[in-house]
Amino acid sequence: MKNPILKADFICADKSWIPAAPYFKKEVAVIGEIKRATLYISALGVFEAKINGMRVGNDYMTPGWTNYNKRLQFCTYNVTNMLSEKTEIIVGVGNGWFSSRGGFPESKDGMYGAHPALIAALEIEHKDGKVEYVYTDESWLTARSECLFSGIYDGEITDANIRPEFIECAKIFEYDKSVLIPFEGEPTREIETLEVSKVITTPKGETVIDFGQEVTGTVEFMLNAKGGERVQILHAEVLDKDGNFYRDNYRTARSEIVYTAKPGLQIYKAKYTFFGFRYIKLIEWPEEVKKENFRAIVMHSDMKRTGYFKCGHAKLNQLYSNIIWGQRDNFLDIPTDCPQRDERLGWTGDAQVFCEAASINYDTERFYRKWLRDMASEQLQSGELPHVIPDALRVNGTRNSTAWSDASCIIPWEVYRAFGDKKILRENLPMMKKWHGYVKSRAGKKCLWQGDQHFGDWLGMDAPEGSYTGSTNKDLIASAYYYLITTIIAKAYRELGMNSDSYDRLAERIRRAYKKEYIKRGRLTSDTQTAHAVTVHFGLADDEPELKTRLGERLVELIEGFGDRLQTGFVGTPYLLDALTEVDRADKAYTLLLQEKFPSWLFSVNQGATTIWEHWDSKNEKGEFWSTDMNSFNHYAYGSCAAWFYRTILGVRPTSPAYETIEIRPIPSERLGFAKARIETRSGVIVSEWTYLDDGVRYFFSIPEGVSAEITVDGVTRSYPAGNYTLWGEK
C-alpha cells in the first residue's frame, strides 16, 4: 500500500485534559517472522513516539510547521528491530505550532486548532508474504502525560510524579486526510551540546547560567531531588547594563520551564518546544548549583555544512561565526526571523536577502524546497503572498510588500544557482509568474509600481523620527524589485528552454521607466545609500556605464559623509558591499565592513554579540536597549554579507548552476592579512586562499574534477582545469 496512513483515523484525547499533552497507546501482538515493519505517523501538534520503550527516530518538533489546513507532513520510520511478540506503541503529542496560542498577534486560542491529535499506521511485512496493518482508531487508549502544558512560546510544565493511566479510549477527530503528504523538509535534530560557560550571581542576587553562545534548542538538567521539589527556569538572550538577567524583549513569551521532581536522580529536557537563549535564570532549584548539571542542546534543521571562511581579522571571524550561528538558530524547520520572542515567523523578506549566503553556508536545497511549497500553498488567486510563511498573521486586506513577497522569485533562482536542479524552477515557475503578474497589474503601462503600501527599507538608519522605515522612496524600491524579478523570470525561462523574449522586453521597458522617473541629471531623486545600492546592484544602470560610475561615486560620497558608516536597513544592507565592488570601490566596501563605530557590523561584535542583531543598535555603547517591543538579538538578515566574503574576498562565483563552471576573482586586502574559504558544491570542493607575505600575495586555489575555472590575479585572467594551483601576485 502506497500510503497506509490514509486509512488511519485522526484521534484525540478527552478535551477536558487541555492543555496537558496526551499519550496514546496501542498493544500489538506480532506473530511470525518479520521481514520489515514501517511506521507512518503524523500529528496535529508535535509528537514523540516510542515502541517497546525505544524512541522512534532522532527527529524533534515533527512533523514540522506547515499550513495544516492544506499541507500536513507525515514521517516514515523503519521500526523492524523495535518490534517483539508483545509490542507496545506509546505516542506523546504536544501542542506544537498547531494548538499553541498565537504570539504575534497574541491570541489565547491555538493557531490552527484547540487541541492536538494523532494519526499513524504500522505496516508489518512478514517473511511469508503476509502484510498486516495497525491503524489509529478508537481502540487506542489515552492517558494524561507528565507534561501538563506545552507551548511554542511559553515553554513546558512537567510533573515527573505523574504515572499515566491508560483507562480511556481515544476519540475520533474529524480532519481532512487529503492534506497528508510525505515529509519534505530537513528534519529538526539535536545537533550538538554546549557546556556551561559560567555561573553568575547578578547584582540583584539572581542565579544565572551563561552558556557563552546564543542558541536555539533546550536546556537539559540533572538533579538529585526529593519528590515534589520544583525547578523553575527562565530563558534570556542578554544581560542588562548592570549585569542583571534581562528578558523584556521576549514580549509575551513566557519561555519558561517548570518541573516538579520525582524522588532520586533524574534528567529532564523539554519534549515539545524550543527556546532561543544564551542565559537561563534559576528561579527555583532544589540543590547546590553545579555547572556539570546543565547543558544546552542545540537544535535546528539537520542541513549539511558546506561553506567555511576564515581570515586574519579576529573580529571579522567573530562576525562570520555570528552569521553561522544566526542561520543555525533560525533554520528550525522554517527560516524564522528570530527564535526567542512571541514571533518566530517565516518572514519572507529576511529569507530572501539571506538566501544566497545561506545556500553557501549550508546545503539548503531540501529545506527551501519544502518552504517554497508552503509558500505556494498560501498564495492568493490574485497572486498576492503573505508576509510570513506559513501565514500565521492572516493579515486582512493587502498581503504583499515588495522585497518580501519577491522571495517567491528570488529564492527559487538562488537555490537553482547554488544546487543546479531545474526542478526547483519548474515547480515554482507558476508561483513566480503569478506573483509577477500581480506586480505587473499594479505597475500598469507606466511599468512602475507606485502608490501601494510596502515595508520599504525596514529599520534603515536614515528613518525619520518615529518611523521603522528608512528614508528611501518606497516606490523606487518597489519598481527596482519589479525589474529584478522580471529579469529573474526571464533567466528561469531560458534555463528551462523556454522563450524569454516578452520578459526581456518588459525588463527593458521597466529600466527605461525607472531611469526616467527616479534619475534626474545623473542623480537619484531618492538620495540614500539604499537607493544607490539597489539601483547599481540590480543592474538598472548597466546600459550606461558612465551613469553607473556616477551613481557609484555618489554612493561613496554618502558613505563618507556619514563617517564611513552605513545607513541602510533590511533592503539596502544586503547589496551595499556588492554595489561598491561593482563600481570598483571594493576598498570602500572593506572600510565599511571593518568599521567598528555605530552603526556597523562590527559594532555588535564589540558589544559581545554571538549572533546577528535585528537592529544596528539593539544595544548601544551605554548598554541601553533599543526597545522592548521589537528587539531581537538573533536576527539573521544582516548576515547576508557572508555571501560577499565568499564571492569577493575570496572571489568564488558560479558562472553556471551548481558551480559546474566558476570564476575566481579574489580582491585581497592587507587589512585582513590572509583569508581562505572552502565551499562544498554539487560539483565538488572549491578552495580559495590568499596570504600577504613580504614579497607579495600568495594565492592557492583548488578546482574539483570536472569543473573549469577562470582565475583572475592582478587583472590577468586565465583558464584552469581541475587541479591545485599556487599563484603569486603583487601587494
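Here, each number is a calculation from the coordinates, and none is a lab measurement. In this text the structure is predicted, and so the values were computed from the model without any measurement. Methodologically, a virtual Cβ is constructed for each residue, glycine included, from the backbone with ideal geometry; neighbour enumeration extends over all protein chains shown.
By how many degrees, 0 to 90 and rounded to 10, does the Cα axis of helix 365-378 deviate from the longest principal axis of the chain?
On a 0 to 90 degree scale, this one is about 80.
Using +1 at the C-beta of Lys and Arg and -1 at the C-beta of Asp and Glu, which of S139, A392, L448 has the Cα lying farthest in the positive direction of the dipole of the chain?
In the chain, that residue is L448.
Would you work out if region 657-729 is rounded, prolate or oblate? Take a ≥ b ≥ c from the square roots of the eigenvalues of the alpha-carbon gyration tensor; rounded if a/c is under 1.5, else prolate when a/b is larger than b/c, oblate otherwise.
Prolate is the answer for region 657-729, as a/c is 1.5 or above and a/b outweighs b/c.
Which lysines, on any chain, are close to K474 with Cα under 27 Å apart, when same-chain ones fewer than 8 places away are left out?
Within the straight-line cut-off, K474 pairs with K433, K434, K440, K445, K446, K491, K515, K516, K520, K548, K588.
What are the ³J(HN,Hα) values, in whole Hz, obtained from phi via the Karplus relation 6.51 cos²θ - 1.76 cosθ + 1.60 with θ = phi - 60°, for each residue of region 65-73 in sequence order, with x given for Gly and Pro?
Each residue of region 65-73 in turn: 10, 9, 6, 5, 6, 10, 8, 10, 6 Hz.
For each of T469, T38, count neighbouring Cβ atoms within 10 Å of the residue's Cβ, then give the residues from fewest to most.
If I rank by nearby Cβ atoms, fewest first, I get T38, T469.
Restricting to lysine pairs 8 or more places apart or on different chains, what number in region 189-301 have Cα atoms under 19 Å apart?
Number of lysine pairs found: 16.
Taking the Cα centre of region 307-649 as origin, sum charge times position over the Cβ atoms of Lys and Arg (+1) and Asp and Glu (-1), and report the length of that vector in debye to the nearest 20.
The dipole magnitude comes to about 1020 debye.
Quick one: angle between helix 407-419 and the longest Cα principal axis of the chain, in degrees between 0 and 90, rounded to 10, please.
90 degrees
About the Cα centre of the chain, what is the dipole size in debye to 20, counting +1 per Lys and Arg Cβ and -1 per Asp and Glu Cβ, all else neutral?
With only Lys, Arg, Asp and Glu charged at Cβ, the dipole is about 1220 debye.
Each residue of region 520-527 in turn: what ³J(HN,Hα) in whole Hz from Karplus with 6.51, -1.76, 1.60 and θ = phi - 60°, glycine and Pro shown as x?
Couplings: 10, 6, x, 10, 6, 5, 9, 8 Hz.
Could you compute the net charge surrounding T581? Neighbours are other residues with a C-beta less than 12 Å from the C-beta of T581; K and R count +1, D and E count -1.
Net charge around T581: +1.
Starting at the first residue of region 93-104, write each ³J(HN,Hα) from the Karplus equation 6.51 cos²θ - 1.76 cosθ + 1.60 with θ = phi - 60°, in whole Hz, x for Gly and Pro.
Each residue of region 93-104 in turn: 10, x, 4, x, 6, 5, 10, 5, 5, x, x, 9 Hz.
Counting alpha carbon pairs within less than 8 Å and at least 6 residues apart, what relative contact order, in whole percent, applies to region 131-255?
About 20 percent, as a whole number.
May I ask for the distance between the Cα centers of region 88-146 and region 510-546, given as a whole number of Å?
The two parts, judged by their Cα centres, are 55 Å apart.
Starting with the fewest neighbours, write out W728, W601 ranked by other beta-carbon atoms found within 10 Å of each beta-carbon.
Least to most surrounded, the residues fall as W728, W601.
Only counting other Cβ atoms within 10 Å, I'd like S42, S656 sorted with the fewest neighbours first.
So the residues, fewest neighbours to most, are S656, S42.
Per residue, what volume in Å³ does the convex hull of the Cα atoms of region 81-185 enclose?
About 179 Å³ per residue, rounded to a whole number.
Report, ordered by chain and residue number, the aspartates and glutamates lying within cross-link reach of K25, taken as a straight Cα distance under 13 Å and ignoring same-chain residues fewer than 8 apart.
Straight-distance partners of K25: E48, E88, D137, E138, E165, E168.
Under 5 Å between amide hydrogens, which residues at least 5 positions from Q73 or on another chain qualify, with H placed 1.01 Å from N in the peptide plane?
Close amide H contacts, sequence-distant or interchain: I181.
Please list 509-518, 405-414 highest first by mean number of surrounding beta-carbon atoms within 10 Å per residue.
Result, highest mean first: 405-414, 509-518.
Could you tally the net charge around C641, taking each other residue with its Cβ under 12 Å from the Cβ of C641, Lys/Arg +1 and Asp/Glu -1?
Net charge around C641: -1.
Enter the angle in degrees (range 0 to 90, nearest 10) between the Cα long axis of helix 348-361 and the first principal axis of the Cα atoms of the chain, meaning the one along which they spread out most.
In the chain, helix 348-361 runs at an angle near 90 degrees to the longest axis.
Sort region 307-649 into rounded, prolate or oblate with this rule: let a ≥ b ≥ c be the square roots of the eigenvalues of the Cα gyration tensor; rounded if a/c is under 1.5, and if a/c is not under 1.5, prolate when a/b is larger than b/c, oblate otherwise.
Since a/c stays below 1.5, the shape of region 307-649 is classed as rounded.
Would you please give the residues with an amide H less than 5 Å from that of G103, counting only those at least 5 places away or on a separate chain, with H modeled from the backbone geometry?
Here nothing satisfies the definition.
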